[in-house]
Amino acid sequence: MKQLSTLAGVVASVLAITSLSTTAVLAQEAQTAAAVVSPVKKTLADVEYRLPSTVAPTFQRIHLNIDPDKPAYSGTTNIDITVKAPTKKVGFYQQDLTVKSARLVSSSSTTPLDVTIGEYDINWGESQSEIAPGKYTLEITFEGKVNTSSDGMYLSRFEETNYIFTQFEDMHARKAFPSFDEPNFKIPYQMTISAPAHQEIVGNTPVEKVTVENGVKTVEFEKTKPMPTYLIAYTVGPFDSAEITGLSVPGKIYVPKGYADKTKFVIKHTPEILASLEEFFGIKYPYKKMDFVAVPNFTHGAMENVGLITYRDSLLLLEDNPSVTERSRPLNVIAHELAHQWFGNLVTMAWWDDLWLNEAFASWAASHTMKTLYPELNYADRIVQEGAFAADASPTVKPVKKVVKSQPDVMDGLGLNYSKGESILQMIESLIGTEKFREGVQNYMNTHAWGNTVADDLWRALDNVSDFNLSAMMKAYLEQPGYPLIHISKDGKLTQSRFHLAGATVEDKTWAIPLKLTYQSNGKILNEVVFIDKKTTVLPQLAEADWVYPNDNATGYFRWSVEPAQLNALLDNIDALNKREKKNVLYNYQALLNADEVGVGSVMKVLNSLAKDDDPAVIRAAVGE
Ligand SMILES: [Zn+2]
C-alpha cells in the first residue's frame, strides 16, 4: 500500500561524486557483533489472536451477488480445509456479516455448525460431535452491507454513478466474506461475481466464463495463484478502459466512465517500469494479467492487489505530458505497487509484524527504479532518513519490531516504520553495494517464491552475499527504538549514545553501526568502513586525521558530531564532500543544536560554508528550502 502522505518531495540534481579510492576495512567487531540468527525458520505458535494451526485451508471458492445500486449483497463460500487433529470447532474470520448457514461437508458426511462470534473477529463453527482429522469443505452462506468508508467492499459514488471497490489490507477481507484472513494462509481462490448485466466486473485473474440470465451477468474468474486474502480485489461498475500495450502480460486501465483519454501518460510509462522491475528481480511478472483501476475518492494512495492494482484516480488520470513535478508521484507510486507484485505478493510476510518491511522494500525499490529510469526526477538526492529522524527521536517511540495482535496494532507507528525501514535498507545497500544487494534479494525471491517469510529470512539472504554481519546490525536497529549519535573525539575515540532532543530523557542503547568514514590524513583523502558495536571504540587512524566525515554519501541511519576544531577543518575542505553529504552536515548540525549538543555558532559556521557553495541546491538547503 502507498499512503500518499509518506511520499517525500523531490530535491534538486546531483553533484558529480568525488572519486576516491575506497578501501573497505572490516573491523574485528563485525565478526563478534551480537546475536546469531537461528537457521530454523520460526514456527508460528498458537496465540489467542490467530486461528489455530490444527486447521489449514487449501482452496477457497467465493460467489458474490452484487448490485452497486443496492446497499446489501449476498454470497456463498466453500473453503477446502484439512483438519489435522480431532476437534469440535472450526474457526474462520468474519466481521459485520450475517452468517446464514455453516456446515462441514466431507465425502461421507455433512455436519451442521453452530456459529458463535469470538475475540479478534474469529468465529467458531461448532459441531455436536467430534470432527475427525481429514479433508472437508466448510460451506458458508452470508449477507453483508457495502461499506461507505474505503475498506472491505465499499461504495464510491462519482458523477452520479455507483462503483464498488475493495480494500482488504490489512484485516478487511473478513468484512466482505468469511475467510482465513491471515497473510500466512496463501492458497488459490476462485471468485465468481454476479451483477446487473450492464456492469463491468473485474477481478484478480482473467475471466474464465461469462453467462447472462434474466438481466444478471455472472463472471467466473480463473483460479488464482496461491495468495493471501489481503491481496484479493474485485470491482463492479460502468467502467471505461484502455489497454496497456508492451507489458509481459495483458493489462488494462479501468477508469470511471468517460475518462479513458486521460490515461496516455501512464500507459506510456508503465511497461518500462514493469520491465525494469522484472530485470531487478530476475523473475518475470508472476501473474497472468496486470490491470490498474482509477478509484474516485480513494482515501489510500494505492494498493498492490494481485493483478488488479487500485490507485487514487488523480495518480492515473493525467495530462498527456505532465511537468517534471507532476509526473514524479504517479511514476513513483506505480513503481512501488509493481515492486510489491514480487516483494509482498510472490513472497509474503508470515504475519503483520513484518508489514513495515513489505512497505520499506517497495519504497526502496520504487526509488531505485526512479533513479534508474528517470534520473531527471532527482531521486538520487533524496535523503530519506530525514523523514524518519524527528519521529524516531521521541522518547516514547516504539521499536519497528513489535507484537501485532489487532488492526490498531498494525497501524501504530507504521508511517515512521515505512521511512525508517527504507532508510535502513538504503544503509545496507550502501554498505554491500547495489549489485550484492540485488543478488541477495534475487536469492531470497527464488528461495521463497509463492511462500511466506519473516524479516530474518531477508537478512540471512543478504548476509550470505556480503562480508558483513547484517543480522546483528538489523537486530540493533529494529528491536530497539531510536537511533545513535556518534561523537568522534580528536584522539580517535568514538562514543555512541541514543540521540534525543534537549531536555528529553531516554533509555540509553547501543547499536551495531556500519560507519563509512571519509577522512584526510597526511594530505590524502581516505575511505574506510568500520563496524562499531560498543559504547566506545578507538580508531587510532582518526587521531592523526586533519578532518573526518563519518557518513559517506549520507546513507547512515545515525547522527554524528566532531570536535569544533575538526568541524572547522571539515568546513575548510567541504568540497571534498558531495551534495548529499554537504546537506547531511547541515541537517546533522541543526539536529545537534536541537539536542543541545552544539551551540548556534556551529550551525552558523555550517550555514556560512554552504551558502558559498557553487550548487544552487546546496544553497537552497542552507536557506531552508
Ligand atoms: Zn506499499
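The values are calculated or read from the model by the stated rules, or taken from the named source; none is laboratory data. Note that the coordinates shown come from a computational prediction; the quantities given were computed from them, not determined experimentally. Cβ sites come from the backbone with ideal geometry, for glycine too, and all protein chains shown count toward neighbours. Keep in mind that these areas ignore ligands, DNA and RNA; they rest on the heavy atoms of the full protein, side chains included. Shrake-Rupley method; radii C 1.70, N 1.55, O 1.52, S 1.80 Å.
Taking the stated definitions as given, is Val529 outside any loop (DSSP other than H, G, I, E, B) and within 18 Å of Lys436 (Cα to Cα)?
Numbers: outside any loop (DSSP other than H, G, I, E, B): yes; within 18 Å of Lys436 (Cα to Cα): yes.
The answer is yes for Val529.
Answer yes or no: is there a residue in the stretch 318-330 that is under 30 Å from Arg438 (Cα atoms), within 16 Å of the ligand (Cβ to nearest atom) and under 18 Å from the mean Cα position of the chain (by Cα). I'd like the intermediate steps shown before the answer.
Just the residues of the stretch 318-330 that are under 30 Å from Arg438 (Cα atoms), to begin with: 324-330.
Checking the rest, the ones that are also within 16 Å of the ligand (Cβ to nearest atom) come to 329-330.
Now restrict to residues that are under 18 Å from the mean Cα position of the chain (by Cα): 329-330.
Checking the stretch 318-330: at least one residue is under 30 Å from Arg438 (Cα atoms), within 16 Å of the ligand (Cβ to nearest atom) and under 18 Å from the mean Cα position of the chain (by Cα).
I'd like to verify a number: residues in the stretch 515-545 that are out of contact with any strand residue (DSSP E or B) (no Cβ under 7 Å at 6 or more places or on another chain) and open to solvent by less than 30 Å² (accessible area, probe 1.4 Å), how many?
Counting residues in the stretch 515-545 that are out of contact with any strand residue (DSSP E or B) (no Cβ under 7 Å at 6 or more places or on another chain) and open to solvent by less than 30 Å² (accessible area, probe 1.4 Å) gives 1.
Can you give me the number of residues within the stretch 285-305 that are within 16 Å of the ligand (Cβ to nearest atom), small (Gly, Ala, Ser) and either in contact with a Gly (Cβ under 6 Å, 6 or more places away or on another chain) or at pLDDT 95 or above (or both)?
1
Identify the single condition in (1) among the hydroxyl-bearing types (Ser, Thr, Tyr); (2) out of contact with any Pro (no Cβ under 9 Å at 6 or more places or on another chain); (3) assigned to a strand (DSSP E or B); (4) open to solvent by less than 20 Å² (accessible area, probe 1.4 Å) that Tyr163 does not satisfy, given that it satisfies every other one.
All conditions are met except number (2).
Is it true that Ser367 is away from the ligand (no atom under 15 Å from the Cβ), among the small types (Gly, Ala, Ser), in contact with a helix residue (DSSP H, G or I) (Cβ under 8 Å, 6 or more places away or on another chain) and assigned to a helix (DSSP H, G or I)? First the steps, then the outcome.
Values: away from the ligand (no atom under 15 Å from the Cβ): no; among the small types (Gly, Ala, Ser): yes; in contact with a helix residue (DSSP H, G or I) (Cβ under 8 Å, 6 or more places away or on another chain): yes; assigned to a helix (DSSP H, G or I): yes.
Answer is no for this residue.
Please specify each residue of the stretch 242-295 satisfying the condition of being of a type in the set (Phe, Trp, Tyr), under 23 Å from the mean Cα position of the chain (by Cα) and not in a loop (DSSP other than H, G, I, E, B).
First pass over the stretch 242-295, keeping only residues of a type in the set (Phe, Trp, Tyr): 254, 259, 265, 280-281, 285, 287, 292.
Cutting the leftovers down to under 23 Å from the mean Cα position of the chain (by Cα) gives us 280-281, 285, 287, 292.
Residues satisfying the conditions are Phe280, Phe281, Phe292.
Hey, which of the helices (runs of 4 or more DSSP H) in the stretch 374-478, taking only ones fully inside, have at least 1 residues that are modelled with pLDDT of 95 or more? Walk me through it before giving the result.
Working: elements: 386-392, 407-411, 414-432, 434-448, 455-464.
Result: 386-392, 414-432, 434-448, 455-464.
Suppose we keep only residues that are within 22 Å of Asp170 (Cα to Cα) and among the β-branched types (Val, Ile, Thr) within the stretch 74-98. Which one would you say is most open to solvent (accessible area, probe 1.4 Å)?
Going residue by residue through the stretch 74-98, those that are within 22 Å of Asp170 (Cα to Cα) are 75, 77, 79, 91-98.
Going one step further and asking which of them are among the β-branched types (Val, Ile, Thr), we end up with 77, 79, 98.
On the way: Thr77: 0, Ile79: 0, Thr98: 75 Å².
Filtering first and then ranking leaves Thr98.
Scan the stretch 498-508 and tell me whether some residue there is in contact (Cβ under 8 Å) with a residue 24 or more places away in the chain, under 31 Å from the mean Cα position of the chain (by Cα) and not in a loop (DSSP other than H, G, I, E, B).
There is no residue in the stretch 498-508 that is in contact (Cβ under 8 Å) with a residue 24 or more places away in the chain, under 31 Å from the mean Cα position of the chain (by Cα) and not in a loop (DSSP other than H, G, I, E, B).
Select from the stretch 549-563 the residues that are out of contact with any Lys or Arg (no Cβ under 9 Å at 6 or more places or on another chain) and either more than 17 Å from Gly523 (Cα to Cα) or in a helix (DSSP H, G or I) (or both) and list them in ascending order.
Within the stretch 549-563, the first condition is being out of contact with any Lys or Arg (no Cβ under 9 Å at 6 or more places or on another chain), and the residues that meet it are 549, 558-561.
Result: Phe558, Arg559, Trp560, Ser561.
Kindly list, by first and then second residue, each pair from a residue in the stretch 316-341 that is in a helix (DSSP H, G or I) and open to solvent by 20 Å² or more (accessible area, probe 1.4 Å) to a residue that is within 15 Å of the ligand (Cβ to nearest atom) and hydrophobic (A, V, I, L, M, F, W, C), limited to pairs with Cβ atoms under 9 Å and residues at least 6 apart or on different chains.
That search, which allows pairs on different chains as well, returns Arg329/Leu4; Arg329/Leu7; Arg329/Leu315.
Go through (1) closer than 30 Å to Phe221 by Cα; (2) away from the ligand (no atom under 16 Å from the Cβ); (3) open to solvent by 10 Å² or more (accessible area, probe 1.4 Å); (4) touching a residue at least 24 places away in the same chain (Cβ under 8 Å) one by one and return the number of the condition Pro395 breaks.
With respect to (1) closer than 30 Å to Phe221 by Cα; (2) away from the ligand (no atom under 16 Å from the Cβ); (3) open to solvent by 10 Å² or more (accessible area, probe 1.4 Å); (4) touching a residue at least 24 places away in the same chain (Cβ under 8 Å), Pro395 is out only on (1).
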